[in-house]
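Peer 1: Below is a structure I'd like to ask you about.
The values are calculated or read from the model by the stated rules, or taken from the named source; none is laboratory data. Just so it is clear, the structure is predicted and the values come from calculations on it, not from any experiment. Every residue, glycine among them, receives a Cβ derived from its backbone with ideal geometry; neighbour counts consider all protein chains shown.
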Amino acid sequence: MIAAAAAAVGGLFVLRALAHWAILRGLRAPRLPHPASEIAQGALPASLRELHIAGPNGRRLFARLVLPQEHGHGPWPAVLAMHGWGANAGLMWPVVPPLRAAGFATLLLDARCHGRSDDEDFSSLPRFAEDIAAGLVWLRQQPEIAADRIALLGHSVGAGAAILHASRQHDVCAVVSLSAFAHPREVMRRLLAQHHIPFAPIGWYVLRHVQRVIGTSFDAIAPLNTLPRVRCPVLLVHGHDDRTVPFDDALRLRAVSQGAELLALEGDHDLSATLAPRAGVLVDFLTAACLAGKQD
């Protein structure tokens, strides 16, 4: 009897361990290489630095810092750009030329488990936010950067992480959110549905287990709940045709925010093409938020 009970308990632990491995493996972000053509024309070699910065848990984060050298010798305002899930800093390159032309330095960061940054056992929105915090610490130590004039720009999960950081620290002058989702639980349920995984009981267990692994609840990190606590100006940018995160998420986020602006664009989840013609709106927003009253 005791042996049978022990065997049953042991089998349960094995099943839980297998489930844990399967969930982490299934949700692991693909590690895409940086695009070969990511360094576009307009970035002079002397203005571009490739480096690794100290990240959480002793990990190194790959980054590129681009300085607007023709705009004097600084200190310059800066924008820290964080990519989305399964992407990397190279895919955020399209934001660099208009920011550089406007006199902003740009730090393009690879989150852990992405691009050329070190690996971890798992990635998550809170860990994206931790990597953003590490990037800000490094930026503020650079003499060329104006420590009180740093903004965040993020895409998708990176946008949610930027909002999460700004809701906690209140140490940035602005946040630009590209294609942010309203709530991670909704994202997970859409993902489960796409893979034809029934919510009861499998999907319910997966969501519960993921929250246990990342060490927090989805409610605690949902932009729908963190955005109202952000004190700095926020620009929400979203595509009308987004098939990954519905445009309605942007409307819901604007409704709960304290005066966030919404820039609606044509296009899907990746806004790199449709944002380019409207880059002036982004630059004007950042200039007003970070440079107003601080011009030399």
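Peer 1: Of the conditions (1) surrounded by fewer than 19 Cβ atoms within 10 Å (Cβ to Cβ); (2) farther than 28 Å from ARG100 by Cα; (3) in the same structural domain as ALA102 (by TED's automatic domain parsing); (4) not basic (Lys, Arg), GLY267 satisfies every one except a single condition; which number is it?
Peer 2: (2)
Peer 1: Now, a different point. Got at least one residue in region 189-206 being within 30 Å of VAL137 (Cα to Cα) and not β-branched (Val, Ile, Thr)?
Peer 2: No; the residues of region 189-206 include none that is within 30 Å of VAL137 (Cα to Cα) and not β-branched (Val, Ile, Thr).
Peer 1: Let me ask something additional. Let me spell it out: the conditions are (1) at pLDDT 85 or above; (2) closer than 22 Å to LEU178 by Cα; (3) more than 21 Å from the chain's Cα centre (by Cα), and ALA40 meets all of them except one. Which number is the exception?
Peer 2: (1)
Peer 1: Go through (1) touching a residue at least 40 places away in the same chain (Cβ under 8 Å); (2) in contact with a helix residue (DSSP H, G or I) (Cβ under 8 Å, 6 or more places away or on another chain) and name the single condition MET92 misses.
Peer 2: (2)
Peer 1: Look at region 243-259 and say how many of its residues are touching a residue at least 40 places away in the same chain (Cβ under 8 Å) and under 28 Å from ARG100 (Cα atoms).
Peer 2: 1
Peer 1: Determine if region 273-292 includes at least one residue that is within 18 Å of ALA182 (Cα to Cα) and among the hydrophobic types (A, V, I, L, M, F, W, C).
Peer 2: no
Peer 1: If you don't mind, there's one more thing I want to ask. Report yes if some residue within region 211-223 is more than 20 Å from SER123 (Cα to Cα), in contact with a His (Cβ under 9 Å, 6 or more places away or on another chain), touching a residue at least 40 places away in the same chain (Cβ under 8 Å) and of a type outside the set (Lys, Arg); otherwise report no.
Peer 2: no
Peer 1: Now a separate question. Determine the pairs where a residue that is closer than 22 Å to PRO126 by Cα and assigned by TED's automatic domain parsing to the domain that holds GLY115, located within region 54-69, has a partner that is in a loop (DSSP other than H, G, I, E, B) and among the polar types (S, T, N, Q) with Cβ atoms under 8 Å apart, the partner being 6 or more residues away or on another chain.
Peer 2: Partner pairs satisfying both residue conditions: GLY55/SER117; ARG59/SER117; ARG60/SER117; LEU61/SER117; PHE62/SER117.
Peer 1: When you go through GLY154, GLY135, GLY160, GLY90 one by one, which is the residue that is over 26 Å from VAL213 (Cα atoms) and either assigned by TED's automatic domain parsing to the domain that holds THR216 or not hydrophobic (A, V, I, L, M, F, W, C) (or both)?
Peer 2: When all the criteria are applied, what remains is GLY90.
Peer 1: I need a count of the residues in region 43-63 that are at pLDDT below 95 and charged (D, E, K, R).
Peer 2: Number of matching residues: 2.
Peer 1: Find all pairs meeting these conditions: Cβ atoms under 6 angstrom apart; at least six residues apart or on different chains; first residue within region 276-288 and assigned by TED's automatic domain parsing to the domain that holds LEU80 and closer than 15 Å to THR106 by Cβ; second residue assigned to a helix (DSSP H, G or I) and of a type outside the set (S, T, N, Q).
Peer 2: Listed pairs, sorted by first residue: ALA279/PRO98; VAL283/PRO98.
Peer 1: Let me ask something additional. Among the candidates PRO126, PRO94, which residue alone is closer than 18 Å to ALA162 by Cα and either of a type in the set (Asp, Glu) or in a helix (DSSP H, G or I) (or both)?
Peer 2: On inspection, the qualifying residue turns out to be PRO126.
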